[in-house]
There are 2 protein chains.
Amino acid sequence: MQTKRLPRVFIVGGGFAGLAAAKTLAEAPVEIMLVDRRNHHVFQPLLYQVATAALSPAEISAPIRTVVRDQKNCQVALSEAVGVDLAKQRLIFKSGHIHYDYLILAAGATHAYFGHEEWAAVAPGLKSVEDATAMRRRILLAFETAEYEGNAEARRAALTFGIVGGGPTGVELAGAIKEIAGQAIPKDFRHIDTSTTRVILFQGGDRILPSFPTKLSEKAQQHLEDLGVEVRLNARVTNVTNHGVHIGDEFIPIRTVFWAAGVKANPIGATLGVPLDTSGRVIVQPDLTVPGHPEVFVVGDMAAAKSANNGEPVPGVAQGGIQMGEYAGCAIRNRVAGTSSPLTRRPFSYHDKGSLAVIGKAKAVAQIGALKVSGFLAWILWGLVHIAFLIGFRNRVQVMISWVWNWVVNSRDARLITGDAQIQVTLPRSSDFVPDLPETAAAPHGQPAPEKVST
Amino acid sequence: MQTKRLPRVFIVGGGFAGLAAAKTLAEAPVEIMLVDRRNHHVFQPLLYQVATAALSPAEISAPIRTVVRDQKNCQVALSEAVGVDLAKQRLIFKSGHIHYDYLILAAGATHAYFGHEEWAAVAPGLKSVEDATAMRRRILLAFETAEYEGNAEARRAALTFGIVGGGPTGVELAGAIKEIAGQAIPKDFRHIDTSTTRVILFQGGDRILPSFPTKLSEKAQQHLEDLGVEVRLNARVTNVTNHGVHIGDEFIPIRTVFWAAGVKANPIGATLGVPLDTSGRVIVQPDLTVPGHPEVFVVGDMAAAKSANNGEPVPGVAQGGIQMGEYAGCAIRNRVAGTSSPLTRRPFSYHDKGSLAVIGKAKAVAQIGALKVSGFLAWILWGLVHIAFLIGFRNRVQVMISWVWNWVVNSRDARLITGDAQIQVTLPRSSDFVPDLPETAAAPHGQPAPEKVST
């Protein structure tokens, strides 16, 4: 009673694109293997809220196994695929390889530093749960340091945050940090006034949110400035160190810098040996396949795809990934069944369902088709859309409760500094603290504690 | 307009004992400096629920600054005190020292391995949020490994968990791991039946929960065995390795071992130069002070104290810490005011408010005064008491919602494997996976995938 082997579909990556592809293949007579080096899907649009202590990691994550638990044709492997042998149809792991009939690469992207990878250590980016908790630690440690820093200049630098990149992540981070400092924690500190915290958003171009209509970019900048964020346009960062940010000849002392400026695709794309764009993304065919290999799809942030309806590049947002994943899944389903469907009879077209970015409490910008809104209405819309797209009913309930709570009491309760190795110890700033060691004797401890500082 | 300097009280440690001391001093004319090397208080009795993916770290933690935010005489320093100079009244930090008028040491305890500190790497314990997320990672990775392990013996070891120590933490961990494996995740896996997971609780003595009445120890063991946990009494662990646990001549292959057997006090106690007990705890006077130094108190898990009412040692539980912290705070308050109070006119007495331990859904044991209950009623009681003692209204609401949710849908949603460095990659177990590298060629990959395994 031998049965014919089902076609095997490998999906690399359990983000928006990979999960959409898997779900689209739910009823197809295929054997899916979903490979991710993490065990959880992360709802990336809300990662900045973990970084700013508003939400817990588990609230915006879902175990991939649980997401596909009821899809019997889908297996999950916690594993890292490192390469593809297109000619032999092999997916390569660190310790071996395996044959695929169809392959969907959806392994996403990471930060890029425009050739200055050394900036990564001083200006981390935000792509994973680990990134988010590390960012949270840096934000919270900056205030701890400032509280006991006797030197006014160093204290000022500790209370200054820089964000490089004025896209949605940069804008949302800047607003959220300013909100924590101004509203959630001022009463927690005795020596500093955290509401004097400076947050500077550096944008290389001439407006923030360049993917939004100009009108909304201006609105968003207005919202940020109302909150107290300093927006620096046409500010090309030329160096970032532990001490601050260089913009050409100008130097701004900043202790904590975050990176939200550039991305580069997962390096597995480079192993295909096909043309890539400057961000390392695979330049795909109009049907999202690799040239000469109709069995290999590249989707989501790994793909440099053009939308057939308008010739525009597909943007690197959740909707882009979901639509590409669905297209690839649908194409494979049809191919296996020997049928065709309206969706895949044509080349891939991206349907823009709109853009949303939140700046702060009751402040957001939204563009949905011809509709452009800002302020409270956009904020409500933003909340509803994000709740709707979160995976898992419980996550939705939890996040809604957390938001309502944060909104009502102006609190950010997930303020954990975790990760043993990186806890930097601050010293009591006090008139009779006596430094012992020669290397710290030069430090500005031991000075009289000033009253509430509001430099 | 010079004002007299207020007496300075240093409190080392923001656990139950340290926070209780600080709060007791809220109205006193003193200047309190609360020093902790973490920025958050952790509700340790629920840490095992973070380790077993039922709760998020932030749900059982509270930023120490926020806890004392409204107490104007209390400053907080994120710092690690490393020693005390009793003669000079100095608290010593890594980089300097500072004078105290009163000192309360409440820095707690960590794991002890009976002189086998090398076991720490293979059998971690549970004291901090980092410990809990590391434990969660190990539990979840064990199932991931088993899913793609082709060798039946190795798979069996991966699906076996050992817990050393039959006190409340060990008992609660054992029950919770068995519950995850049996109820929360079986449908997530394709190749293994996680409900066949073995959980073995090793207890050196002749009953578990030795601090409880014998009747309840028996009940608790019955509950654990009903759940499917194997309880091994009089089982003295003689070695623990990556491969398993040795009990004398017997060897049990276990991939994942946790330690809940012994504690040792924070090493700062040893710098006092006064007598310690075998666990490194400071042997305190009846009024919880250090011999010859009525200005220095040692409280909580750092203190080897006897209760004046019955001569019994004060147990290392939350209630013990809280009562000792209150006593020390009250004593200092009286001393500063030149008054006395009923509490501190006598030596410290511990008032046992009861003991509680939970084994699983609707299964717990409780002893409150003469009342001994087990089963559902004890479980409800356990929940109410823990909610009541959690710090922060929001934490209470969140934890209650999480519990109700977990109870209704049998879910454990905080199943994040985090921490980049330690993610171990599993390989797809499949008939055509081809191992490449010599060192993995010997591994049992590449074998035909068996059907649902239920060894």
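The values are calculated or read from the model by the stated rules, or taken from the named source; none is laboratory data. Please read all numbers here as calculations on a predicted model, not as lab measurements. Glycine gets a Cβ as well: all are built from the backbone with ideal geometry, and neighbour counts include every protein chain shown. We work out accessible area using only protein heavy atoms, side chains counted, and drop any ligands, DNA or RNA first. Shrake-Rupley method; radii C 1.70, N 1.55, O 1.52, S 1.80 Å.
Residue-by-condition table, conditions (1) part of a strand (DSSP E or B); (2) surrounded by 16 or more Cβ atoms within 10 Å (Cβ to Cβ); (3) not acidic (Asp, Glu):
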residue	(1), (2), (3)
A:Lys88	no, no, yes
A:Ile92	yes, yes, yes
A:Ile98	yes, yes, yes
A:Leu103	yes, yes, yes
A:Ala107	no, yes, yes
A:Thr110	yes, yes, yes
A:Phe114	no, no, yes
A:Trp119	no, yes, yes
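Across segment A:60-86, which residue is farthest from the other protein chains (Cβ to nearest Cβ) among those that are open to solvent by less than 10 Å² (accessible area, probe 1.4 Å) and not hydrophobic (A, V, I, L, M, F, W, C)?
Result: A:Gly83.
Count, please, the residues in segment B:277-316 that happen to be of a type in the set (Val, Ile, Thr), part of a loop (DSSP other than H, G, I, E, B) and crowded, with 23+ Cβ neighbours inside 10 Å.
Residues meeting the conditions: 3.
Can you list the helices (runs of 4 or more DSSP H) lying wholly within segment B:335-430 that have 1 or more residues being modelled with pLDDT of 80 or more and polar (S, T, N, Q)?
B:393-409
Considering only residues that are farther than 19 Å from A:Arg394 by Cα and open to solvent by less than 10 Å² (accessible area, probe 1.4 Å), look in segment A:34-44 and name the one that is farthest from the other protein chains (Cβ to nearest Cβ).
Within segment A:34-44, the match that is farthest from the other protein chains (Cβ to nearest Cβ) is A:Leu34.
Would you mind telling me which numbered condition in (1) more than 8 Å from every other protein chain (Cβ to nearest Cβ); (2) among the aromatic types (Phe, Trp, Tyr); (3) in contact with a Gly (Cβ under 9 Å, 6 or more places away or on another chain) A:Tyr102 fails?
(3)
Quick one: which residue in A:Leu55, A:Leu47 is outside any strand (DSSP E or B), more than 11 Å from every other protein chain (Cβ to nearest Cβ) and either more than 23 Å from B:Glu149 (Cβ to Cβ) or of a type in the set (D, E, K, R) (or both)?
A:Leu47
Considering every residue within segment B:15-24, establish whether at least one is open to solvent by 10 Å² or more (accessible area, probe 1.4 Å), within 11 Å of another protein chain (Cβ to nearest Cβ) and either acidic (Asp, Glu) or touching a residue at least 60 places away in the same chain (Cβ under 8 Å) (or both).
So far as segment B:15-24 goes, no, none of its residues is open to solvent by 10 Å² or more (accessible area, probe 1.4 Å), within 11 Å of another protein chain (Cβ to nearest Cβ) and either acidic (Asp, Glu) or touching a residue at least 60 places away in the same chain (Cβ under 8 Å) (or both).
Checking the condition more than 20 Å from B:Val263 (Cβ to Cβ), touching a Pro at 6+ places or on another chain (Cβ under 6 Å) and in a helix (DSSP H, G or I), which residue from B:Ala157, B:Ala142, B:Ala146 passes?
Step by step, each of B:Ala157, B:Ala142, B:Ala146 is checked, and only B:Ala157 is more than 20 Å from B:Val263 (Cβ to Cβ), touching a Pro at 6+ places or on another chain (Cβ under 6 Å) and in a helix (DSSP H, G or I).
So which of A:Ala370, A:Ala388 ends up being within 30 Å of B:Asn395 (Cβ to Cβ) and open to solvent by 50 Å² or more (accessible area, probe 1.4 Å)?
A:Ala388
Here is a list: A:Arg38, A:Arg8. Which entry is of a type in the set (D, E, K, R) and in contact with a Gly (Cβ under 8 Å, 6 or more places away or on another chain)?
Going through A:Arg38, A:Arg8 in turn, the sole match is A:Arg38.
Mind listing just one residue for me: the one in segment B:190-211 that is among the hydroxyl-bearing types (Ser, Thr, Tyr) and open to solvent by 10 Å² or more (accessible area, probe 1.4 Å) and, of those, farthest from the other protein chains (Cβ to nearest Cβ)?
B:Ser211
Considering each residue of segment A:212-261, count those that are among the acidic types (Asp, Glu) and open to solvent by less than 20 Å² (accessible area, probe 1.4 Å), and give that number.
0
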